Amino acid sequence: YLLKTQALYLQDTYTRNRLTLNLGLRWDRQTDEALATEVPANPLIPEIMPAISFPGLSHDVVWNDISPRIGVNYDVFGTGRTVARSSYSIYYGQMGPGQLVGNLVSIGQVLVRYPWADANGDSFVQVDEVDFTRLLSRSGTFDPENPTNFNSPNSIDDSVKNDRTREFILGLDHELLPGVGVGASYIWRKYDQFAWTDNPGIASSDYTAVEFDPTCDVADARCESVTYYQPNFVPPTGEIYTNQPDRYRNYNGIELSLDKRYSNRWMANVSFGYNDAKDYWDSADAYEDPTNIAQQHGAEFAPESGGSGIDNVFTNAKWLFKASGMYTLPLWDINLAANSQYRQGYPFPQVVRTPSRPNQAGRVNVLLDPLGDVRLENLFMLDLPVDRPFQIGKMRLIPSVDVFNATNTNAILARRRIQTDDDANQISGIVAPRVIRFGVRVTW
C-alpha cells in the first residue's frame, strides 16, 4: 500500500491592549492506493495457485481536511498575574496505509489446506500424497474457482469522511505569590464521523431478541437473566466502508492545578481532574446488532487495553488527584522527591456469555450493567526518587535511588469478567510490588 499525504500549516499571533490572539489553519490532503506487484505460482500446486499479476488499484476518495484553530488570551487586570484563556480547534484523524483501498482489494497472503498422507515416510510433501478432493480450509479472500481474483466484494462510500474531533477550552490562571500559581480549565470535546463497515440493507430490526438464563458454577458469579439478539439472515458477502450515522462521543472535563516553581530549594505541583466521557448511539441507524446498546448508550467510554500479561483493563477514571514535589537538602545538595496519584478504580464490566447464535453470528458477551457503573477499587500510588548531582569537569554524574510503589499496595487492576466461566471474578492482575532501583546517569 502507498499512502499519499500533503499538509500545509499556517499560524500567526497578534497582541494588543492585553489581548493575545493565536490563529492557526492546517490543511491535509490524503489518499492511498495498492501498489502493483507480481507473485509467482505455487511450485507444488500451480494449477490451484497460479501466478498473479496485480496492476495496482486506487479509488475516488480523497480526504481534504481543513483544521482551524483559534486561541485568545486576555490579561484581566493588566498586571500580568491573571490571564483568562480560551481556544477552539478542529482535529481530524490520520489515514493509515490501506485504510481505504484495503476494502477494495485483497493482496494479503492466502492459503488452502488439504489432507496429506506421507506414503513414503520421508516427511516431505509430494503431490500424489495430497488429497485434493477434500478442501479442509482456505483463506476467506481465496476463491478456488477464480484463484487469480484480487478484488474484494466490499466497496467504499464515495462521500466517506475522516473521523473528527472538535475541542473547546476555557481557563483562568492566576499568580497567588511570586512563583506560585493556580489554574482552572474546562475542556469540552466531541468525537464523531467514525468509520465502520456497514452491511447494506441490514438493520437492527433484522435481529430477534432472545431471553437467556445462564448457568454459573462459581459461587459469587452473577447469574442474571439477559437479553441478546440474533440475526435472521446469513451475512452478505459485500460490505461498504462508510461513516457511522448518529454515533458520537462527548467529553467534559475540569482540571484544577497549583504550581510552585523551584525556589528556596523546593518545588511542588498539585492537580485534580474530573473527566466524563460518554458514548452515544442516537438512533437505530447507528448500529446493526442491538446487543449491549442499552448498556452502552449514554454510558462511560472505557476502551479495553492490556499489556504485560494483563487484559480486561478498561481505562476510565472519572477523577484523578496528583501531587509531586522536590526538596534540596542544605547539606550535600541531595534532592528528595515524591510523586503520588490517587484515582478512581477502572470499570469492571461483568458479562454473561451467550450460546452460539445462528447464521454464523457466534457467541456474544452481554453486559450486566451500564459500562462504568461497577468499578474496581480506587488506586493510590507513591514513588520516592532521591538523587545527588556531581560535576566533574564537563561531565555531570547523578547517582540516584528510586522507590516505586513505596506503600507496596496490591490494588487490583483486572478481574476475569465472564460470569459463566469457571474463573469468574478471579483476580488476573495487581499492581507491581515495591521496587527499589539504583542507578547513575552521566551527561557531558
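The values are calculated or read from the model by the stated rules, or taken from the named source; none is laboratory data. As the structure is a prediction and not an experimental result, all values here were calculated from the model. Glycine also receives a Cβ, built like all others from the backbone with ideal geometry; neighbour counts cover every protein chain displayed. These accessible areas exclude ligands, DNA and RNA; they are computed on the full protein's heavy atoms, side chains included. Shrake-Rupley method; radii C 1.70, N 1.55, O 1.52, S 1.80 Å.
For region 110-208, run through the GluC sites (Glu not before Pro) and keep only the ones in DSSP coil with at most 15 other Cβ atoms within 10 Å of their Cβ. Hits after loop and neighbour filter: Glu145. Positive-end ranking of Ser204, Asn378, Gly298 along the dipole of the chain, with charges on Cβ about the Cα centre, is headed by Asn378. When the chain is described by a simple charge dipole with +1 on each Lys and Arg Cβ and -1 on each Asp and Glu Cβ, the residue from Gly171, Asn335, Val110 located farthest towards its positive end is Asn335. Counting only protein heavy atoms and a probe of 1.4 Å, the accessible surface of the chain is 55% carbon and sulfur. Averaging the Cα positions of each part gives two centres, and for region 1-55 and region 240-269 these lie 29 Å apart.
In this Cβ point-charge picture (+1 for Lys and Arg, -1 for Asp and Glu), region 322-444 has a dipole of about 340 debye about its Cα centre.
Only one residue of Thr5, Gly121, Ile240 has its Cα farthest out toward the positive end of the dipole of the chain, where Lys and Arg carry +1 and Asp and Glu -1 on Cβ, and that residue is Thr5. When the square roots of the Cα gyration tensor eigenvalues are ordered a ≥ b ≥ c, the ratio a/c for region 51-183 is 1.5 or more and a/b exceeds b/c, which makes its shape prolate. When the Debye formula is applied to the Cα atoms of region 137-223, each taken as the same point scatterer, what base-10 log of I(q)/I(0) results at q = 0.18, 0.20 Å⁻¹? So the normalised log intensities work out to -1.02, -1.07. The translational diffusion coefficient of region 335-375, from Stokes-Einstein at 20 °C and 1.002 mPa s with a Kirkwood hydrodynamic radius over alpha carbon pairs, comes to 158 µm²/s.
Here mean projected area of the Cα convex hull in nm² was computed from the coordinates, and among [x] 24.1; [y] 21.7; [z] 33.2 the match is [z]. Loop-resident chymotrypsin sites (Phe, Trp or Tyr not before Pro) (DSSP state other than H, G, I, E or B) in region 92-179 with no more than 14 further Cβ atoms inside 10 Å of their Cβ: Phe124, Phe132.
May I ask you to give the solvent-accessible area per residue for region 245-314, in square angstrom, as obtained with a 1.4 angstrom probe?
On a per-residue basis, region 245-314 sits at 52 Å².
Ranked by the mean number of other Cβ atoms within 10 Å per residue, highest first, peptides 74-83, 104-113, 347-356 order as 347-356, 104-113, 74-83.
Each 10 Å bin from 0 upward holds the following percent of the Cα-Cα pairs of region 130-172: 16, 26, 18, 14, 13, 9, 4, 1. Put a plus charge on the Cβ of each Lys and Arg, a minus charge on the Cβ of each Asp and Glu, and nothing anywhere else: the dipole of the chain about its Cα centre is then about 2940 debye.
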